[in-house]
Amino acid sequence: MRWIGRLGLMGFLLGWLGVASAPALPPGFAVETVIAEANFPSAMAFTPDGRRFFYTERFTGNIRIYDVVSGQLLPAPFASVTVRTTGADERGLLGIALDPEFEANHYVYVFHHPSFSSGRITRFTDVDGLGMEETTLVDGIPAAPIPNGGYIGFGPAGKLYGTGGENG
């Protein structure tokens, strides 16, 4: 459950957004709305046990948790970060990744744009579903209206990678 195929993720995100007509999917895939009230979800990451997933709301700066077992969105955001975006650009809260040692350290990483000209990678510690100990890891990542990066993920050696875009 740690990895979702691209087609599965596409269908999942289309379902999140409530897209009425989805592209034809391979056998065994289906589009299903899971969180109708999600506010422009931009990235997601499952916990290693698959019982919860974290997702980012691009324009609000909220990081939310969905409990897969109960089928419920936790009422309070896990955490919120500052985002600066016009809504017509590619900035906002764009990426999320859980530490490879998440079960031991509970680290959650996000990529967001706290200003119109720069991005930031921030780490939180998950304490009972709330983001605590906010720590800025990388600041001043160049940004522009388009095209921005914002994807973050861990490589096989346990290093965190992020994309910055070429910024026009």
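The values are calculated or read from the model by the stated rules, or taken from the named source; none is laboratory data. Predicted model, so just to flag it, every value in this text is computed and none were measured. Note: ideal-geometry Cβ built from the backbone for every residue, glycine included; neighbour counts use all protein chains shown. To get the accessible areas, we keep the full protein, side chains included, count just its heavy atoms, and leave off ligands, DNA and RNA. Shrake-Rupley method; radii C 1.70, N 1.55, O 1.52, S 1.80 Å.
What to note about this one:
- The lone exception for GLY18 - which of (1) in contact with a Ser or Thr (Cβ under 8 Å, 6 or more places away or on another chain); (2) modelled with pLDDT of 90 or more; (3) farther than 30 Å from GLY168 by Cβ; (4) surrounded by fewer than 18 Cβ atoms within 10 Å (Cβ to Cβ) it fails: (2)
- When region 29-41 is filtered for residues that are open to solvent by 40 Å² or more (accessible area, probe 1.4 Å) and under 11 Å from TYR55 (Cα atoms), the ones remaining, listed by number, are ASN39, PHE40.
- A Cβ distance below 9 Å, combined with a sequence gap of six or more or placement on separate chains, defines the contacts here; from region 89-109, residues that are on the phi < 0 side of the Ramachandran plot reach residues that are part of a helix (DSSP H, G or I) in the pairs ASP99/ASN105; VAL108/PHE102.
- Per this entry, ASP89 is counted among residues that are buried (at least 16 other Cβ atoms within 10 Å of the Cβ) and more than 16 Å from ARG64 (Cβ to Cβ).
- One residue stands out among those in region 124-157 that are of a type in the set (D, E, K, R) and open to solvent by 50 Å² or more (accessible area, probe 1.4 Å): the one that is nearest to the chain's Cα centre (by Cα), which is GLU134.
- The criterion of at least 3 residues that are closer than 16 Å to PRO41 by Cβ is met by the following strands (runs of 3 or more DSSP E) wholly inside region 53-168: 62-67, 93-98, 107-112.
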